[in-house]
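J.: Handing you this structure, nothing more for now.
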Amino acid sequence: MILAVDAGNTRIKWGLHDGARWVEQGVVPTAQSERLHESLPTGVTVDRAVIANVAGECVAEALTGALELRRLQPYWVQSRAEQCGVRSSYADPTQLGADRWAALIGARHLFAGPCVVVNAGTTMTVDALSSDSIFLGGFIVSGYSMMREGLARHTAQLELYEGTFSFFPDNTADAIASGALNALAGSVDRMCRYLLETGEDDPLVVLSGGNAALLSTRLEGAPQLVDNLVLEGLVRIGASDV
(Lines give C-alpha, C1' and ligand atoms only; values in the text may rest on other atoms or scores of the structure.)
Protein backbone atom coordinates (compact mmCIF):
# COMPACT_ATOMS: atom_id res chain seq x y z
CA MET A 1 0.00 0.00 0.00
CA ILE A 2 1.29 3.47 -0.93
CA LEU A 3 0.38 6.57 1.06
CA ALA A 4 0.51 9.65 -1.19
CA VAL A 5 0.48 13.07 0.50
CA ASP A 6 0.11 16.44 -1.24
CA ALA A 7 0.99 19.16 1.29
CA GLY A 8 -0.24 22.46 -0.11
CA ASN A 9 -0.51 25.96 1.30
CA THR A 10 -4.06 25.49 2.55
CA ARG A 11 -4.81 21.77 2.64
CA ILE A 12 -2.96 18.48 2.95
CA LYS A 13 -4.58 15.88 0.71
CA TRP A 14 -3.73 12.22 1.18
CA GLY A 15 -4.67 8.94 -0.45
CA LEU A 16 -4.04 5.23 0.10
CA HIS A 17 -3.48 3.25 -3.11
CA ASP A 18 -3.27 -0.55 -3.24
CA GLY A 19 -1.63 -0.71 -6.66
CA ALA A 20 -4.92 -0.93 -8.54
CA ARG A 21 -7.20 1.69 -7.02
CA TRP A 22 -7.59 4.33 -4.34
CA VAL A 23 -8.69 2.65 -1.13
CA GLU A 24 -9.32 5.85 0.80
CA GLN A 25 -8.62 9.58 0.55
CA GLY A 26 -8.84 12.47 2.96
CA VAL A 27 -7.93 16.07 3.76
CA VAL A 28 -6.27 17.77 6.73
CA PRO A 29 -5.85 21.55 7.08
CA THR A 30 -2.21 22.50 6.56
CA ALA A 31 -2.31 24.43 9.83
CA GLN A 32 -3.01 21.08 11.55
CA SER A 33 -0.48 18.98 9.63
CA GLU A 34 0.68 17.22 12.80
CA ARG A 35 -2.75 15.53 12.92
CA LEU A 36 -2.26 13.63 9.67
CA HIS A 37 -1.84 10.32 11.48
CA GLU A 38 -5.23 10.78 13.17
CA SER A 39 -7.02 10.95 9.82
CA LEU A 40 -5.42 7.79 8.45
CA PRO A 41 -7.37 4.54 8.84
CA THR A 42 -6.11 1.99 11.34
CA GLY A 43 -5.40 -1.62 10.52
CA VAL A 44 -3.89 -0.80 7.12
CA THR A 45 -0.32 -1.75 6.26
CA VAL A 46 1.47 1.04 4.42
CA ASP A 47 4.66 0.10 2.59
CA ARG A 48 5.75 3.55 1.45
CA ALA A 49 4.81 7.18 2.10
CA VAL A 50 5.45 9.58 -0.78
CA ILE A 51 5.07 13.32 -0.16
CA ALA A 52 5.06 16.48 -2.27
CA ASN A 53 5.44 19.40 0.13
CA VAL A 54 5.28 23.05 -0.91
CA ALA A 55 4.17 24.31 2.51
CA GLY A 56 7.60 24.79 4.07
CA GLU A 57 9.97 23.23 6.56
CA CYS A 58 7.70 23.47 9.60
CA VAL A 59 5.04 21.44 7.81
CA ALA A 60 7.68 18.93 6.71
CA GLU A 61 8.77 18.47 10.32
CA ALA A 62 5.17 18.03 11.48
CA LEU A 63 4.47 15.47 8.76
CA THR A 64 7.64 13.57 9.62
CA GLY A 65 6.56 13.38 13.25
CA ALA A 66 3.04 12.29 12.30
CA LEU A 67 4.34 9.50 10.07
CA GLU A 68 6.82 8.33 12.69
CA LEU A 69 3.80 7.51 14.84
CA ARG A 70 2.90 5.05 12.06
CA ARG A 71 6.53 3.89 11.81
CA LEU A 72 6.87 5.38 8.34
CA GLN A 73 9.83 7.24 6.87
CA PRO A 74 8.62 9.62 4.16
CA TYR A 75 10.05 9.84 0.67
CA TRP A 76 10.13 13.54 -0.25
CA VAL A 77 9.52 14.07 -3.94
CA GLN A 78 11.92 16.43 -5.70
CA SER A 79 11.61 17.35 -9.33
CA ARG A 80 14.09 15.74 -11.69
CA ALA A 81 15.25 16.05 -15.27
CA GLU A 82 13.33 12.87 -16.06
CA GLN A 83 11.04 10.53 -14.15
CA CYS A 84 8.17 8.15 -14.89
CA GLY A 85 8.31 8.92 -18.59
CA VAL A 86 8.22 12.73 -18.27
CA ARG A 87 11.21 14.91 -19.17
CA SER A 88 11.71 18.44 -17.86
CA SER A 89 12.98 21.37 -19.87
CA TYR A 90 13.05 23.66 -16.83
CA ALA A 91 16.28 25.66 -16.67
CA ASP A 92 17.01 23.96 -13.34
CA PRO A 93 14.71 20.94 -13.05
CA THR A 94 15.18 20.74 -9.29
CA GLN A 95 13.61 24.20 -8.87
CA LEU A 96 10.21 23.09 -10.16
CA GLY A 97 7.68 22.61 -7.37
CA ALA A 98 7.22 18.99 -6.36
CA ASP A 99 3.46 19.31 -6.71
CA ARG A 100 3.75 20.56 -10.30
CA TRP A 101 6.12 17.71 -11.17
CA ALA A 102 3.80 15.11 -9.66
CA ALA A 103 0.81 16.62 -11.47
CA LEU A 104 2.64 16.38 -14.80
CA ILE A 105 3.45 12.72 -14.14
CA GLY A 106 -0.14 12.08 -13.12
CA ALA A 107 -1.48 13.74 -16.27
CA ARG A 108 0.82 11.73 -18.51
CA HIS A 109 -0.18 8.50 -16.81
CA LEU A 110 -3.88 9.24 -17.34
CA PHE A 111 -3.86 10.89 -20.78
CA ALA A 112 -1.91 10.74 -24.04
CA GLY A 113 -1.08 13.64 -26.33
CA PRO A 114 -0.34 17.28 -25.56
CA CYS A 115 -1.82 18.59 -22.30
CA VAL A 116 -2.17 21.82 -20.43
CA VAL A 117 -1.95 20.73 -16.80
CA VAL A 118 -3.75 23.14 -14.46
CA ASN A 119 -3.85 23.09 -10.67
CA ALA A 120 -6.31 25.75 -9.55
CA GLY A 121 -5.66 26.19 -5.85
CA THR A 122 -4.35 28.97 -3.61
CA THR A 123 -2.16 29.80 -6.59
CA MET A 124 -2.82 28.45 -10.07
CA THR A 125 -0.19 26.70 -12.15
CA VAL A 126 -0.60 26.24 -15.89
CA ASP A 127 1.95 23.81 -17.34
CA ALA A 128 2.53 22.66 -20.91
CA LEU A 129 3.20 18.99 -21.58
CA SER A 130 4.06 18.06 -25.16
CA SER A 131 2.87 14.98 -27.04
CA ASP A 132 6.30 13.40 -26.51
CA SER A 133 6.07 13.92 -22.73
CA ILE A 134 8.32 16.96 -22.40
CA PHE A 135 7.39 19.55 -19.80
CA LEU A 136 7.94 22.73 -21.78
CA GLY A 137 7.32 25.28 -19.02
CA GLY A 138 4.40 27.01 -17.39
CA PHE A 139 2.77 29.93 -15.61
CA ILE A 140 2.17 30.63 -11.94
CA VAL A 141 -0.61 33.11 -11.19
CA SER A 142 -2.58 34.11 -8.12
CA GLY A 143 -5.56 31.87 -7.46
CA TYR A 144 -9.19 32.96 -7.47
CA SER A 145 -9.41 33.87 -3.78
CA MET A 146 -5.96 35.48 -3.75
CA MET A 147 -6.86 37.74 -6.68
CA ARG A 148 -10.08 38.90 -5.04
CA GLU A 149 -8.49 39.37 -1.62
CA GLY A 150 -5.59 41.29 -3.16
CA LEU A 151 -7.93 43.77 -4.81
CA ALA A 152 -9.87 44.27 -1.61
CA ARG A 153 -6.70 44.69 0.47
CA HIS A 154 -4.79 47.07 -1.77
CA THR A 155 -7.50 49.14 -3.44
CA ALA A 156 -9.48 51.82 -1.64
CA GLN A 157 -13.26 51.33 -1.46
CA LEU A 158 -13.18 47.82 -2.97
CA GLU A 159 -14.51 45.66 -0.16
CA LEU A 160 -14.45 41.87 -0.47
CA TYR A 161 -17.89 40.56 -1.35
CA GLU A 162 -18.73 37.11 -2.69
CA GLY A 163 -19.83 38.09 -6.19
CA THR A 164 -20.82 35.83 -9.08
CA PHE A 165 -19.65 35.49 -12.64
CA SER A 166 -21.38 37.55 -15.28
CA PHE A 167 -20.64 38.34 -18.92
CA PHE A 168 -21.40 41.99 -18.22
CA PRO A 169 -21.08 42.67 -14.48
CA ASP A 170 -23.24 45.53 -13.24
CA ASN A 171 -21.92 45.72 -9.67
CA THR A 172 -18.51 45.77 -8.03
CA ALA A 173 -18.67 42.36 -6.40
CA ASP A 174 -19.56 40.64 -9.67
CA ALA A 175 -16.96 42.72 -11.52
CA ILE A 176 -14.21 41.46 -9.21
CA ALA A 177 -15.39 37.83 -9.33
CA SER A 178 -15.76 37.91 -13.10
CA GLY A 179 -12.43 39.62 -13.60
CA ALA A 180 -10.62 37.01 -11.52
CA LEU A 181 -12.23 34.09 -13.37
CA ASN A 182 -11.58 35.66 -16.76
CA ALA A 183 -7.94 36.24 -15.85
CA LEU A 184 -7.50 32.60 -14.78
CA ALA A 185 -9.31 31.26 -17.83
CA GLY A 186 -7.28 33.54 -20.07
CA SER A 187 -4.01 32.07 -18.74
CA VAL A 188 -5.19 28.56 -19.57
CA ASP A 189 -6.55 29.45 -22.99
CA ARG A 190 -3.35 31.34 -23.85
CA MET A 191 -1.19 28.34 -22.96
CA CYS A 192 -3.37 26.17 -25.21
CA ARG A 193 -2.77 28.61 -28.03
CA TYR A 194 0.98 28.62 -27.44
CA LEU A 195 1.06 24.83 -27.76
CA LEU A 196 -0.87 25.06 -31.03
CA GLU A 197 1.54 27.72 -32.32
CA THR A 198 4.50 25.39 -31.68
CA GLY A 199 2.94 22.70 -33.87
CA GLU A 200 1.23 20.53 -31.26
CA ASP A 201 -2.25 19.17 -31.77
CA ASP A 202 -5.13 20.76 -29.89
CA PRO A 203 -4.15 20.08 -26.24
CA LEU A 204 -6.32 18.54 -23.58
CA VAL A 205 -6.77 20.73 -20.52
CA VAL A 206 -6.32 18.59 -17.40
CA LEU A 207 -7.80 20.49 -14.50
CA SER A 208 -7.47 19.86 -10.77
CA GLY A 209 -7.52 21.79 -7.51
CA GLY A 210 -10.07 23.38 -5.22
CA ASN A 211 -11.31 25.87 -7.83
CA ALA A 212 -11.30 23.42 -10.74
CA ALA A 213 -15.09 23.14 -11.01
CA LEU A 214 -15.51 26.91 -10.82
CA LEU A 215 -12.93 27.51 -13.54
CA SER A 216 -14.03 24.70 -15.85
CA THR A 217 -17.21 26.47 -16.96
CA ARG A 218 -15.24 29.44 -18.24
CA LEU A 219 -12.71 27.57 -20.37
CA GLU A 220 -12.89 27.00 -24.08
CA GLY A 221 -13.39 23.36 -25.10
CA ALA A 222 -14.05 20.54 -22.66
CA PRO A 223 -11.47 20.29 -19.86
CA GLN A 224 -10.87 16.98 -18.12
CA LEU A 225 -11.39 17.35 -14.36
CA VAL A 226 -9.30 15.06 -12.16
CA ASP A 227 -9.67 14.89 -8.41
CA ASN A 228 -6.27 15.14 -6.72
CA LEU A 229 -4.09 15.01 -9.82
CA VAL A 230 -0.99 15.47 -7.67
CA LEU A 231 -1.84 12.29 -5.77
CA GLU A 232 -2.16 10.44 -9.09
CA GLY A 233 1.41 11.42 -9.90
CA LEU A 234 2.72 10.68 -6.41
CA VAL A 235 1.46 7.11 -6.49
CA ARG A 236 3.19 6.55 -9.85
CA ILE A 237 6.41 7.90 -8.39
CA GLY A 238 5.96 5.72 -5.32
CA ALA A 239 5.43 2.64 -7.47
CA SER A 240 8.60 3.33 -9.45
CA ASP A 241 12.14 2.66 -8.29
CA VAL A 242 12.61 5.89 -6.35
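J.: Determine which member of the set G210, G199 is of a type outside the set (A, V, I, L, M, F, W, C) and either in a helix (DSSP H, G or I) or at pLDDT below 95 (or both).
T.: G210
J.: Taking the stated definitions as given, is Y161 within 18 Å of the chain's Cα centre (by Cα) and at pLDDT below 90? Break it down into steps so the answer makes sense when it comes.
T.: Working: within 18 Å of the chain's Cα centre (by Cα): no; at pLDDT below 90: yes.
No; evaluated as a whole, the condition is false for this residue.
J.: Return the only residue of G65, G56 being farther than 25 Å from L129 by Cα, under 19 Å from the mean Cα position of the chain (by Cα) and either at pLDDT below 95 or not polar (S, T, N, Q) (or both).
T.: Details: G65 fails: under 19 Å from the mean Cα position of the chain (by Cα).
Within the list G65, G56, the selection yields G56.
J.: Also: Just need a number here: residues in segment 36-74 that are closer than 17 Å to L234 by Cα and of a type in the set (D, E, K, R).
T.: Qualifying residue count, segment 36-74: 2.
J.: Taking the conditions exactly as written (at pLDDT below 95 and either aliphatic (A, V, I, L, M) or more than 17 Å from V50 (Cβ to Cβ) (or both)), does A152 satisfy them or not?
T.: When the stated conditions are applied, A152 passes them.
J.: So which residues in segment 182-205 are in contact with a helix residue (DSSP H, G or I) (Cβ under 7 Å, 6 or more places away or on another chain) and either among the hydrophobic types (A, V, I, L, M, F, W, C) or surrounded by 13 or more Cβ atoms within 10 Å (Cβ to Cβ) (or both)?
T.: Result: A183, L184, A185, P203, V205.
J.: When segment 131-153 is examined, which residues are found to be in contact with a Ser or Thr (Cβ under 8 Å, 6 or more places away or on another chain) and either farther than 15 Å from Q83 by Cβ or assigned to a loop (DSSP other than H, G, I, E, B) (or both)?
T.: L136, G137, G138, F139, I140, V141, S142, G143, S145, M146, G150
The values are calculated or read from the model by the stated rules, or taken from the named source; none is laboratory data. Every value quoted in this text rests on a predicted model; they were computed, and no experiment measured them. Counting neighbours? That spans all protein chains shown, and the Cβs are built from the backbone with ideal geometry, glycine included.
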